[in-house]
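Reviewing the structure listed below.
The numbers here are math on the coordinates, done by the rules we state, and not lab data. Computed from a predicted model, the values in this text were never measured in an experiment. A quick note on method: Cβ atoms are made from the backbone with ideal geometry, for glycine too, and the neighbour counts reach across all protein chains shown.
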Amino acid sequence: MSPALAEAVSRLLDERLRGLRIQHVRRPDAWTLGLQLQDGATLGLCWEPSRPAVGLCSWTWPKGTPPDVLKTHLASARILGVTSLAGESLLQVALAGTGAAALVWEPLGRSGNCLLLGEERRILWAARVLGGEFRTGQPGSLWFPPPARRERAGEEPPLGDPGGYLTGRGAEDLRTGLLERGRRAALAALARREKALRRRREAVLGDRNEGETWAALSGPAQALLASGGLNRRGEGSRRVTDYGCDPPRELTVELDPARTVLENAQLLFRRAQKGQARLRETGRILERIEDDLRALRAERAGLEGCEDLARLFPGSERVSPRPAPQRRRELPAGVAAVPLPQEYAGYAGKNAQANDHVSFRMGRGSDFWFHAEDYHGCHVVVKNPRRLERLPHDVEQAAARYAAQHSGAKPGSTVAVLVSQCKHLRRVTGSPGLVMVGTARRLFVDLPWGG
């Protein structure tokens, strides 16, 4: 898409989508995002390097598994407008109502991306985290527009019809891309299943060969019984004649000297019975494996030309686990509940004894701990039942802001807030409320002048 077409498409989308609410978020694969609108259409975005596309789709999108941050900030959001960046094929969808400021689509070739921005254009979510020094897409960092590119004279492709592009070629490119990626993913999954079945068949064939070896011991066992001297011990081997063969053949049977000849024969019979049972079982397993391989071949033949998105992206939308709801309980004296987004539970102490209780009695090893550095103030503990390595950005910012506001820092100052986990805290003996922090990082919070 050329910058001129992107500008024309943004104007049409702005007229078409302004004021509409997003009802559902669709994320069928890693390269696409669909926003189902209240009027039934779906705004589709694709940032795959080889075929970026944007379009308004009337066909049903696969649900997929969008992350919690997208469902939280996009579902029920209202679209304020759509704009493009001068000189770039980039679209920005301004949002309101759920804490997110904009959704940015960047069809920039190998650096293509889709990002959700919050206040001050800070990245809440990015489809891709890129390497390099600038514009990595790392959540929590600030978003900057790409540097302006220079277009050579005569390189601008014909503009075409923007309206026809959105509902025609753009929507068709989105569907074609989904079909191709869905087929590739489904065929790759079939190949992995087939490879696992073939490995399983090789292992079962090895067990079957061992079973055949054991089942063949019945002949030597019968020959050993017919050789006489069944109560003798101490023999390491015996030469016998196997009359079960045609013609009969002589063979040497290895014996356990600690057992009698009869006991050795009984041991061979038991092993032969196990071998026969293994042959029966491995035969059934091999039949099932061959049936599964035939079913996979038939499924592959059906997938190679499949045009059904519901078949290529099966299954309904999985509900991502949310933080476990905390049981309502009476808080100890001096302990306050901290209001946090996304249903996270947080607690803060109002005095030294309460700080000690919050940090070492209410806080568990994986829970997060916040405190304003270089100031007296409350200890804030955020419960972490899912044992995340890092809290969501908005939850972390809210907890750090609470710790800074309830400290001795003056209004209008910038406060460094220590962030650690309770497992890194140690008590200072004889000084309630004082702790030693083993590992921590800093967040900087600007306090408003109003206190």
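Which of the peptides 51-61, 420-430 is most tightly packed, and how do the rest follow, judged by the mean count of other Cβ atoms within 10 Å per residue?
51-61, 420-430
Using per-residue counts of other Cβ atoms within 10 Å, averaged over each peptide, order 226-239, 346-359 from highest down.
346-359, 226-239
Where the centroid of each part is defined by its Cα atoms, how far is segment 333-411 from segment 1-77 in Å?
Answer, in whole Å: 37.
Calculate the translational D of segment 335-446 in whole µm² s⁻¹ from Stokes-Einstein, where the hydrodynamic radius comes from the Kirkwood formula applied to all Cα pairs, the temperature is 37 °C and the viscosity 0.692 mPa s.
Estimated diffusion coefficient is 241 µm²/s.
Only Lys, Arg, Asp and Glu count, each charged at its Cβ (+1, +1, -1, -1), so figure out the dipole size of segment 335-446 about its Cα centre, rounded to 20 debye.
340 debye
Would you kindly compute the Cα radius of gyration of segment 163-225 and its largest Cα-Cα separation (Dmax), both in Å?
27.2, 92
As I understand it, the dipole of segment 1-135 uses +1 on the Cβ of Lys and Arg and -1 on the Cβ of Asp and Glu, about the Cα centre. Which of LEU5, GLN23, GLY44 lies farthest toward its positive end?
Going by the charge dipole, the pick is GLN23.
Given N residues in segment 183-307, what is its alpha carbon radius of gyration divided by 2.2 N^0.38 Å?
Rg over 2.2 N^0.38 Å, computed on Cα atoms: 1.66.
Where a ≥ b ≥ c are the square roots of the eigenvalues of the C-alpha gyration tensor, would you call segment 1-47 rounded, which needs a/c under 1.5, or, failing that, prolate if a/b is larger than b/c, or oblate?
Note, shape of segment 1-47 comes out oblate.
I need the shape label for segment 30-122. Rule: rounded when a/c is under 1.5, else prolate if a/b > b/c, else oblate, with a, b, c from the alpha carbon gyration tensor.
Rounded.
Diagonalise the Cα gyration tensor of segment 3-160 and give the resulting equivalent ellipsoid semi-axes, square root of 5 times each eigenvalue, largest first, whole Å.
Largest first, segment 3-160 gives 23, 19, 15 Å.
Place +1 on the Cβ of every Lys and Arg and -1 on the Cβ of every Asp and Glu in the chain, take the dipole about the Cα centre, and give the residue among THR60, ALA185, LEU296 whose Cα lies farthest towards its positive end.
Projecting each Cα onto the dipole axis, the largest value belongs to LEU296.
Based on alpha-carbon atoms only, what is the radius of gyration of segment 274-316 relative to the globular estimate 2.2 N^0.38 Å?
Scaled against compact globular proteins, the figure is 1.82.
Compute the semi-axes of the equivalent ellipsoid of the chain, taking the square root of 5 times each eigenvalue of the Cα gyration tensor, and list them largest first in whole Å.
Square roots of five times the eigenvalues give 64, 41, 18 Å.
Calculate the length of the line joining the C-alpha centroid of segment 264-299 to that of segment 192-239, in whole Å.
Computed from Cα coordinates, the inter-centre distance equals 14 Å.
Of LYS63/LYS383; LYS350/LYS410; LYS71/LYS423, which pairs sit farther than 27 Å apart, going by alpha carbon to alpha carbon?
With Cα atoms farther than 27 Å apart: LYS63/LYS383; LYS71/LYS423.
Summing -39500 (n - 2.57) over the DSSP H runs of n ≥ 4 in the chain and dividing by its residue number, what mean residue ellipticity at 222 nm do you reach, to the nearest 500 deg cm²/dmol?
Value at 222 nm, helices only: -10500 deg cm²/dmol.
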